[in-house]
Every structure is written in C-alpha cells, then in structure tokens.
Amino acid sequence: MLKLKKPFIEIKDLSFSYLNSKKEQTNALDNVNFNITKGEFLAIVGPSGCGKTTLLNCLDGLLQPSSGKILINGEKVVEPGFDRAYIFQDPLLLPWRTVLGNIKFGGQMQRLKKETLDKKSRELVRAMHLRGFEYHYPHQLSGGMKQRVNIARALCVSPQILLLDEPFSNLDAQIREIMQQELLNIYDENKKTFIFITHSIDEAIFLADKIIVLTRHPGTVKKIINVKFKRPRDISIKDSKEFIFIRREIAKIIKDEIHV
Amino acid sequence: MKSMFKFIKQKENMLLGLSGIIVVIILWQTVAAYKLIDPILLSSPIDVFNESISLFKTGEIYPDLIASISEFLIGFLLALFLGFIFGFILGWFKKTRAVFNPLLFGLYATPIIAILPLIILWFGFGLFAKVSIVFLSSFFPILISIMESAKNTDQNLLKLARSFKASEFNIITAIIIPNSIPGIVSGIKIAMPRGIIGMIIAEFFTGNAGLGYLISYYGSTFQTAKLLAIVILIAGASVVFTAVIDLLEKKVKYNN
Ligand SMILES: Nc1ncnc2c1ncn2[C@@H]1O[C@H](COP(=O)(O)OP(=O)(O)OP(=O)(O)O)[C@@H](O)[C@H]1O
Ligand SMILES: [Mg+2]
C-alpha cells in the first residue's frame with residue numbers, strides 16, 4: 001500500500017459553539033473537515049455569520065474547538081504559536097507607536113533579537129511601500145497604509161502560516177485591487193501558507209489555489225473548488241472564461257445558501 | 001494693520017479672558033482707592049502687589065513656602081506612585097477589583113478633610129499629618145482613573161497581543177500601561193487641586209507652618225494685603241499647573 005504523506009494542516013470534525021452568560025449555546029461551526037497543503041493559498045468564503053472568523057480563531061488557537069481538532073504538522077493546536085500570524089480585519093495598530101514601532105510589535109512580544117527585528121522591519125517598510133513614513137503615527141496614515149502596516153507586523157515574525165480575516169474589506173475598490181496584487185507578490189516571494197477569509201468571490205478566485213465554500217450558519221464545508229491559474233497572476237485573469245465560470249458557480253452556491 | 005487684526009482674531013478668547021481680569025482689577029482698585037470698603041476688609045491691588053514683592057524680598061514667605069512645597073511634593077508623588085501600581089493591579093485583576101471597588105468609591109466620595117481631626121490625633125501636628133492629607137486627597141482620584149482606563153483597554157488589542165503569544169507581563173507593559181496614559185493625566189488633573197485644598201486646610205488646622213498657616217495668621221492679625229498676596233500666589237500656581245497638565249493631555253491624546 002502507498003504510504004500517504006500527512007497533510008500540513010488537518011481540520012477534523014471541527015465544531016464550535018459560543019456560550020453566553022446564560023449558558024445558552026450558539027452553534028457557529030458544525031463538523032468542518034478539510035486539509036491544507038503546505039505553501040497553499042487557501043480562501044474561505046461563505047454567507048455572513050457562517051463562522052469564518054470563528055474558524056480562523058480556532059486555527060490560530062485563540063479559541064478552542066467544542067469538539068474535533070486541528071492538527072498542524074500532526075500536532076494539535078491548543079494556543080497561538082510562533083508558526084502562525086493573524087491579520088485582523090481592523091488594522092489594530094497601537095496609536096502610541098510609530099509605523100516602525102508597530103511593525104516590530106509582534107516580534108517584541110515574541111522576544112526576537114533586537115538586531116534581527118531592526119533589520120527585518122526596515123526590509124518590510126521597503127517591501128510594503130512605507131518608506132518615508134517610518135516615524136509617522138497611525139492617525140497620520142491612510143486606510144490602505146494602515147493595512148500595509150498590519151500585514152508587515154505579521155510578516156515581521158516570519159510565520160509559516162498567515163491567517164487573514166477580510167483584510168481588505170474596509171478599503172475602497174481601487175486600493176483593494178492594488179493590495180490584492182501586492183499580497184500576491186508577497187505570497188510568490190515567501191511561499192508561506194495563506195489562509196484568507198473574504199466576502200468577495202472575485203478576490204477569492206484571483207488570490208487562491210483552493211476555495212472552501214461554507215454553508216450558512218452554523219457553517220460546514222459546502223464545496224471545495226480548485227483554482228488553477230498559473231502564478232504569478234495578474235489582473236487580466238479576471239476577464240477569462242474560467243474565472244467567470246468559477247465566479248458563477250460560487251455565487252450560485254452562496255445564493256442558494258442564503259435563500260433556503 | 002492686517003496682521004494685527006489676524007492676531008486679535010486668533011487669540012480672541014485669550015484676549016477676552018484677559019480683559020475680564022483687567023476690568024475686575026480696575027474696579028477693585030477704584031473701590032479701594034476711594035475707600036468704599038475698609039482697607040482691613042479689602043486692600044487695594046497695588047498694595048497686594050507690593051506686599052507680594054516684599055514677602056519674597058524680605059524672605060518672610062520662604063520657610064512656609066518650602067514647608068508647603070515639600071508637603072505637597074511628598075504626598076502627591078507618593079499618591080502618584082502608589083496610585084499607579086494599585087491602579088494597574090486593580091484594573092487588571094477582576095477579582096481583586098471586585099473586593100476593593102465599593103471600598104474605593106466610598107473613600108473617593110468621602111471628603112478627606114472630614115477625617116483631619118482623626119489624622120491629627122494619630123500623627124500629631126507635624127509634617128506627617130499634612131503629607132497624609134495631601135496623599136489621601138489625591139490618591140483615590142489617581143488610583144480610580146488609572147484603574148478605569150486599565151480595565152477599559154480595547155479587547156481587540158488584547159486579542160492582537162495574545163495572537164503573538166505575548167506574556168501577561170508584556171501585555172501590561174506594551175498595551176495596558178501606554179493605553180492608560182491619557183487616563184493617568186486626567187487623574188492627575190482631578191487630583192492636583194484636591195491635594196492643594198487638602199494641604200491648605202490641613203495647615204489651617206495644624207497651625208505651625210505652610211502657606212495655609214500664613215493665610216490664617218495674616219487673617220487673625222488683620223494683614224489683609226499679605227493674606228490676599230498668598231491667596232493669589234496659590235491661585236496662580238494652580239492655574240499654571242493646570243495649564244501644564246492641559247498641554248500634556250493634548251500631547252498624549254494620540255488623535256484617533
Ligand atoms: N463572541 C460571540 N458570542 C456569541 N456568539 C458569537 C460570538 N461571535 C460570533 N458569534 C456567532 O457565531 C456565528 C459565527 O460568527 P463569525 O463571526 O465566525 O461569522 P463570520 O462568518 O465571520 O461572519 P462575517 O462574515 O459577518 O464576518 C454568528 O452567528 C455569530 O452571531
Ligand atoms: Mg468575520
């Protein structure tokens with residue numbers, strides 16, 4: 001028999017319910033199962049409130065599953081780890097720190113060496129087009145720049161897995177497209193595993209190798225779609241037949257989910 | 001000419017405030033010059049001004065000024081230091097806060113001056129009693145505003161720190177403390193006048209040193225001009241302190 005290689009990340013029979021103060025349960029995730037390959041760009045889409053953020057919190061170890069488990073490299077996730085970095089929807093920059101100070105924040109929490117951190121943060125300032133703004137404070141930045149700092153802060157701890165929760169949803173359409181392209185560049189350069197939540201079907205197809213479509217609340221996996229565009233990708237693929245086909249397929253699933 | 005108008009426009013509120021003060025001083029001088037009120041009850045502003053100068057020139061004021069400053073500094077800095085430490089502890093540890101909360105708000109609401117006789121009974125008439133009053137008057141507002149801002153730290157920032165595996169110690173130093181700085185400043189702003197009032201009244205009662213003692217001494221010996229000079233000195237110092245804190249407050253407001 002062929003010996004199967006273990007998947008990088010395994011999500012096994014994962015269920016999660018929130019308990020309120022009156023001990024009433026809200027089921028957010030119900031029996032979710034899928035695997036993620038190392039270096040894959042995975043997108044998760046699904047109707048609002050279906051449990052996407054909850055799933056990402058479980059992956060990071062900020063929440064513990066009510067049943068089932070998540071394995072990374074065969075090890076059960078029980079708390080946040082140095083191998084993962086979470087990029088929240090709001091930039092969550094510390095208003096009393098400069099751009100550079102914010103980028104270093106995660107690394108300082110993880111007690112990385114000062115010289116390493118100095119070097120790395122300078123590199124990221126360049127890579128994220130923040131040069132000249134090193135000593136600006138968050139209130140002096142545009143929404144797009146704040147989100148770049150947010151991403152740089154996560155990259156600064158050199159994680160193996162990036163967890164992104166709708167990072168571009170508060171940006172206007174043009175900035176959003178630019179940021180998508182930049183994120184693809186980062187992905188191509190770093191070859192890390194990206195797990196990306198979005199409401200935008202187009203965004204998911206443009207970025208991802210694999211898209212997980214969740215059912216409505218409580219979420220479970222409805223369909224897994226592989227996206228086979230070559231990398232590096234550019235904006236022109238959005239006009240291709242295949243792109244439009246996949247978009248229509250996902251849109252239909254989500255529409256059906258909302259209207260049952 | 002144009003720039004003059006611009007200057008007036010920009011500083012309008014300041015100039016209006018200044019004109020209010022000037023009008024009162026002129027009225028006061030007029031009343032005093034025509035002896036409309038007995039000079040024992042109200043001295044003229046010019047007399048008060050001259051007395052202020054001579055209080056410093058003769059050095060009459062120094063021992064009491066130094067006594068007051070040291071009482072205030074010791075009491076207030078102690079309140080700041082302990083308020084800081086206990087404020088963060090109570091802000092961070094829910095259970096500890098639950099134990100002390102009612103007690104604290106009770107003490108905060110108590111006019112500390114009411115327990116002055118007790119303090120004198122315990123500590124006598126010396127420096128220690130007065131330092132205690134300054135301390136007690138300013139400790140609770142500082143403690144409570146630090147506690148409140150530590151407790152109200154944005155949950156999302158805490159989540160962010162936890163996602164980076166930050167230790168409890170790092171969360172406190174990197175998030176909770178900087179996040180509370182505006183709270184600390186506003187605590188100081190409330191505590192400072194309370195401390196000054198506590199100090200003056202404590203000096204009235206202990207009656208041996210300090211600006212409060214001088215006021216009561218000049219009052220009982222009918223040296224009205226000197227009395228007013230001290231009062232104005234204290235008021236002026238309070239105004240300056242408040243202005244400095246306001247400035248500080250603007251600086252730490254992060255503009256978000
Ligand atoms: N702290 C909480 N306590 C109780 N219920 C919660 C809590 N957070 C989320 N929920 C519920 O769990 C379900 C899933 O929430 P979640 O935030 O994971 O959805 P989502 O897919 O990320 O939604 P959106 O697309 O709007 O961001 C929702 O029904 C929500 O009401
Ligand atoms: Mg969400």
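How about segment A:22-91: which strands (runs of 3 or more DSSP E) wholly inside it have at least 3 residues that are buried (at least 17 other Cβ atoms within 10 Å of the Cβ) and within 16 Å of ligand 2 (Cβ to nearest atom)? Working first, answer last.
Numbers: elements: A:25-36, A:41-45, A:67-72, A:84-87.
Passing ranges, in order: A:25-36, A:41-45.
Outside any loop (DSSP other than H, G, I, E, B) and surrounded by 19 or more Cβ atoms within 10 Å (Cβ to Cβ), is that true of A:Q180? Please lay out each step first, then the result.
Values: outside any loop (DSSP other than H, G, I, E, B): yes; surrounded by 19 or more Cβ atoms within 10 Å (Cβ to Cβ): yes.
Answer is yes for this residue.
Output the residues belonging to segment B:56-106 that are in a helix (DSSP H, G or I), of a type outside the set (A, V, I, L, M) and exposed (fewer than 13 other Cβ atoms within 10 Å of the Cβ). Give the derivation first.
Start the filter on segment B:56-106 by keeping residues that are in a helix (DSSP H, G or I), which leaves B:56-57, B:62-92, B:94-106.
Filter again for of a type outside the set (A, V, I, L, M), leaving B:56-57, B:62-64, B:68, B:70-72, B:75-76, B:81, B:83-84, B:86-88, B:91-92, B:94-97, B:100-102, B:105-106.
Selection gives B:K57, B:Y62, B:P63, B:F81, B:K94, B:K95, B:P102, B:F105, B:G106.
Can you find a residue in segment B:126-142 that is within 14 Å of chain A (Cβ to nearest Cβ) and over 20 Å from the mean Cα position of the chain (by Cα)? Quick ask: steps written out before the conclusion?
Quick first cut of segment B:126-142, residues within 14 Å of chain A (Cβ to nearest Cβ) only: none.
No; the residues of segment B:126-142 include none that is within 14 Å of chain A (Cβ to nearest Cβ) and over 20 Å from the mean Cα position of the chain (by Cα).
I'm checking my understanding of the structure. Among residues of segment A:185-216 that are surrounded by fewer than 19 Cβ atoms within 10 Å (Cβ to Cβ) and within 12 Å of ligand 1 (Cβ to nearest atom), which one is nearest to A:P65 (Cα to Cα)?
Out of the qualifying residues, it is A:H199.
Since B:T153 meets every condition but one in (1) among the β-branched types (V, I, T); (2) surrounded by 16 or more Cβ atoms within 10 Å (Cβ to Cβ); (3) part of a helix (DSSP H, G or I), which condition does it not meet?
That leaves (3) as the condition not met.
Confirm whether A:H139 is surrounded by fewer than 21 Cβ atoms within 10 Å (Cβ to Cβ), within 14 Å of another protein chain (Cβ to nearest Cβ) and not hydroxyl-bearing (S, T, Y). Can you show your working first?
Numbers: surrounded by fewer than 21 Cβ atoms within 10 Å (Cβ to Cβ): yes; within 14 Å of another protein chain (Cβ to nearest Cβ): yes; not hydroxyl-bearing (S, T, Y): yes.
Judged against the criteria, A:H139 is a match.
Which residue, of A:L56, A:L29, is within 13 Å of ligand 1 (Cβ to nearest atom), within 14 Å of another protein chain (Cβ to nearest Cβ) and of a type outside the set (V, I, T)?
On the way: A:L29 fails: within 14 Å of another protein chain (Cβ to nearest Cβ).
Result: A:L56 is the single residue among A:L56, A:L29 that is within 13 Å of ligand 1 (Cβ to nearest atom), within 14 Å of another protein chain (Cβ to nearest Cβ) and of a type outside the set (V, I, T).
State all residues of segment A:94-122 that are more than 9 Å from chain B (Cβ to nearest Cβ) and under 22 Å from the mean Cα position of the chain (by Cα); if no residue qualifies, say none. Even if it seems obvious, please write down each step before you answer.
First, the residues of segment A:94-122 that are more than 9 Å from chain B (Cβ to nearest Cβ): A:98-104, A:112-122.
Answer for segment A:94-122, where residues must be more than 9 Å from chain B (Cβ to nearest Cβ) and under 22 Å from the mean Cα position of the chain (by Cα): A:V99, A:N102, A:I103, A:K104, A:K120, A:S121.
Among (1) away from ligand 1 (no atom under 16 Å from the Cβ); (2) within 14 Å of chain B (Cβ to nearest Cβ); (3) of a type outside the set (V, I, T); (4) touching a residue at least 40 places away in the same chain (Cβ under 8 Å), where does A:E182 come up short?
Unmet for A:E182, out of (1) away from ligand 1 (no atom under 16 Å from the Cβ); (2) within 14 Å of chain B (Cβ to nearest Cβ); (3) of a type outside the set (V, I, T); (4) touching a residue at least 40 places away in the same chain (Cβ under 8 Å): (2).
For the structure I just gave you, tell me whether A:L42 is more than 14 Å from chain B (Cβ to nearest Cβ) and away from ligand 1 (no atom under 11 Å from the Cβ).
Values: more than 14 Å from chain B (Cβ to nearest Cβ): yes; away from ligand 1 (no atom under 11 Å from the Cβ): yes.
Yes; evaluated as a whole, the condition is true for this residue.
Just one of the numbered conditions (1) farther than 25 Å from B:I112 by Cβ; (2) assigned to a loop (DSSP other than H, G, I, E, B) is not true of B:P178; which one?
Evaluating B:P178 over (1) farther than 25 Å from B:I112 by Cβ; (2) assigned to a loop (DSSP other than H, G, I, E, B) leaves (2) as the failure.
Examine segment B:164-181 for a residue that is within 14 Å of another protein chain (Cβ to nearest Cβ), among the acidic types (D, E), out of contact with any Leu (no Cβ under 8 Å at 6 or more places or on another chain) and surrounded by fewer than 20 Cβ atoms within 10 Å (Cβ to Cβ), and state whether such a residue exists.
To start, the set of residues in segment B:164-181 that are within 14 Å of another protein chain (Cβ to nearest Cβ) comprises B:164-181.
Imposing the further condition that a residue be among the acidic types (D, E) reduces the set to B:168.
Subsequent filtering for residues that are out of contact with any Leu (no Cβ under 8 Å at 6 or more places or on another chain) retains B:168.
From what is left, the residues that are surrounded by fewer than 20 Cβ atoms within 10 Å (Cβ to Cβ) are B:168.
The answer is yes, given that some residue of segment B:164-181 is within 14 Å of another protein chain (Cβ to nearest Cβ), among the acidic types (D, E), out of contact with any Leu (no Cβ under 8 Å at 6 or more places or on another chain) and surrounded by fewer than 20 Cβ atoms within 10 Å (Cβ to Cβ).
Only the coordinates and a few stated rules stand behind these numbers; no lab work does. Everything quoted here is computed from the prediction, not taken from an experiment. Positions of Cβ are generated from backbone atoms using ideal geometry, with glycine treated the same way; all protein chains shown enter the neighbour counts.
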